Amino acid sequence: MKYTIFFDESKKIDKKSNYSYYGAISVEETELVKIETQIEAILSALGRTSELHFVDYKSADLQKYFQVLHYFLSCPTIKFNIYRLNNDSYFKLGETLGYSDQELRKYFYVKIPERLFYGLVRNDKQIDGLTIIMDDSTEYQTLGVFEKIVDQMNAHSLYRGKNYQVESIVGKDSKDSRMIQILDVILGIVVYLLEKEYLTIKSNRSLNRQDFIYRLLSEDQNLLRFHQMISIFTWENAGTEAISKMEISPYTSQFLVACNKRDYLHMLPVQQVYLEGREQLRLLADNDRTSRLNLLKDRLQNPYSADNLLNNTLTELFLGYLSQIEFGDRNKYIR
């Protein structure tokens, strides 16, 4: 069976960030065709076929990101590994060994992807051919990363008696690969959770980002699927080669608790709108999203605005709250 592996990274190896993150997805080729076809069908039906990137997420894209990621998490054949590198330990190791930053990158940019890729395929005896697709990077090209990974992976296969051979490895611009885009979003979500970015809400965009992740993980069996699909490994200490496996569940639990506490305060003004407009709401069709938005814009006292008016960047957030109060279903209007 032929498999394809996709690779991307979040937060470069530098001295500005405590950690850098690397993610890889593996999927059998016939399954890949089905998954990509379904994703395109979802985007076409919504009329929103632009790229998906975690850093670019905005509230107007909630339905698009929610539906695509909800579908992606429902795909049981996908394997997803993430490697987290402690940048401080990494640079200290380089200083000890007398390596420059560039020399360190040359070695780690080969070793980290290779470890991720081998971890995805090591226990699957059905794989006989691999295609590897990495986000196109000038640095990867300069350091000769692609050729070195092919050599390392094929050496692993021979040494350990595996059946696979890497047939090709290519750099692809993310705009040409939905799987790299989704990898980027999932990796962004994991970084967001591990670094607890939700504890500091600095803008409407960060508030909407938290809302999107909460809704995605709260839907159906997505939290369980998220835990089962993703394996995270971390290298913390320059004094040891040991790689530790991290459990994501404590981080998702902390996130959901923090969201529930914040939601309680957010829902108070929406509860007031609901109580005052109950008769008006009762006359509306359940699927009348527009009238409910207009009601919120007319009556809601927005706690995040100096003039208390509801601006367009937060309409999806507060509509979700109203839907939860009225129907017990926060995601009613985005499925």
- [ ] Would you calculate, for the chain, the mean residue ellipticity at 222 nm contributed by helices, counting each DSSP H stretch of 4 or more residues as -39,500 (n - 2.57) and dividing by all residues, to the nearest 500?
- [x] -17000 deg cm²/dmol
TODO: Starting from 0 in steps of 5 Å, tell me what percent of the Cα-Cα pairs of region 159-250 lands in each bin.
DONE: 2, 9, 14, 17, 17, 18, 12, 7, 3, 1, 0
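Where both partners of a DSSP beta bridge lie in the chain, what percent of those bridges are antiparallel, to the nearest 5? Could you put the intermediate results ahead of the total?
Working: 19 of 37 bridges.
If we restrict to bridges inside the chain, about 50 percent are antiparallel.
Taking only protein heavy atoms into account and a 1.4 Å probe, give the accessible area per residue of region 132-224 in Å².
On the way: 4070 Å² over 93 residues.
Per-residue accessible area for region 132-224 comes out at 44 Å².
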Task: Unit charges on C-beta of K, R, D, E only; dipole of region 20-120, Debye - done: 200
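Need the full-extension length gain, Met267 to Lys172, defined as separation in residues times 0.36 nm minus the C-alpha distance. One decimal, nm. Please list the in-between numbers first.
On the way: separation 95, 0.36 × 95 = 34.20 nm, distance 4.37 nm.
Taking Met267 through Lys172 to full extension adds about 29.8 nm, to one decimal.
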Task: Lys/Arg +1, Asp/Glu -1 at C-beta; the chain dipole; positive extreme among Pro250, Phe72, Thr30 - done: Pro250
Open item on the list: Rg/Rh for region 233-278 to two decimals, with Rh computed the Kirkwood way over all alpha-carbon pairs.
Closed with: 1.44
Task: Translational diffusion of region 83-155, µm² s⁻¹ [Kirkwood Rh, Cα pairs; Stokes-Einstein; 25 °C; 0.890 mPa s] - done: 179
- [ ] Give, rounded to the nearest 20 debye, the magnitude of the charge dipole that the chain has about its Cα centre when Lys and Arg contribute +1 at Cβ and Asp and Glu contribute -1 at Cβ.
- [x] 580
Task: nm² value of the averaged projected area, convex hull over the Cα atoms of region 194-248 - done: 5.1
TODO: Rank Leu281, Leu194, Leu317 by mean-square fluctuation in a GNM of the chain with C-alpha springs under 10 angstrom and give only the top-ranked residue.
DONE: Leu281
Open item on the list: I need the P(r) histogram for the chain: all alpha carbon pairs, bin width 10 Å from 0 out to the longest distance, whole percents.
Closed with: 5, 23, 30, 22, 12, 6, 2, 0
Open item on the list: How far apart, in nanometres, would the label points at Gln126 and Lys2 be if each is projected 7 angstrom from Cα along the Cα-to-Cβ direction?
Closed with: 1.6
Task: Gln221 versus Gln301: modelled label distance in nm, points set 7 Å from Cα along the beta carbon direction - done: 4.4
- [ ] Please report, as a whole percent, how much of the solvent-accessible surface of the chain comes from carbon and sulfur atoms (probe radius 1.4 Å).
- [x] 47
Task: Extension gain, Glu236 back to Glu195 (0.36 nm per residue minus Cα-Cα distance, nm) - done: 13.3 nm
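With a 1.4 Å probe and every protein chain left in place, work out the accessible area per residue of region 9-67 in Å², rounded to a whole number.
Working: 2730 Å² over 59 residues.
With the other protein chains kept in place, region 9-67 gives 46 Å² per residue.
Dipole of region 227-335, Cα-centred, from +1 at each Lys and Arg C-beta and -1 at each Asp and Glu C-beta, to the nearest 20 debye? Each step should come with its number before you reach the end.
Details: 12 positive and 13 negative charges, 48 e Å.
Once rounded to the nearest 20, the dipole reads 220 debye.
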Open item on the list: Over all directions, the average projected area of the alpha-carbon convex hull for region 227-335 comes to how many nm²?
Closed with: 10.1
Open item on the list: With equal scatterers on the alpha carbons only and no solvent term, can you work out the Debye log10 of I(q)/I(0) for region 280-335 at 0.12, 0.25, 0.28 1/Å?
Closed with: -0.26, -1.04, -1.23
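Counting Lys +1, Arg +1, Asp -1, Glu -1, what net charge surrounds Asp211 among other residues with beta carbon under 13 Å of its beta carbon? Please list the in-between numbers first.
On the way: positive: Lys58, Arg205, Arg209, Arg215, Arg262, Arg330; negative: Asp61, Glu219, Asp263, Glu316.
Net local charge, Asp211 excluded: +2.
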Task: Under the Debye formula (equal points on every Cα, no solvent term), log10 I(q)/I(0) of region 14-136 at q = 0.10, 0.21, 0.23 Å⁻¹ - done: -0.47, -1.22, -1.32
- [ ] Tell me the label-point distance for the pair Glu103, Ser74, using the 7 Å Cα-to-Cβ offset, in nm and rounded to one decimal.
- [x] 5.3
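The values are calculated or read from the model by the stated rules, or taken from the named source; none is laboratory data. From a predicted model like this one, the values you see are computed outputs, not experimental measurements. Every residue, glycine among them, receives a Cβ derived from its backbone with ideal geometry; neighbour counts consider all protein chains shown. Protein only, heavy atoms only, side chains kept; ligands, DNA and RNA dropped before computing areas. Shrake-Rupley method; radii C 1.70, N 1.55, O 1.52, S 1.80 Å.
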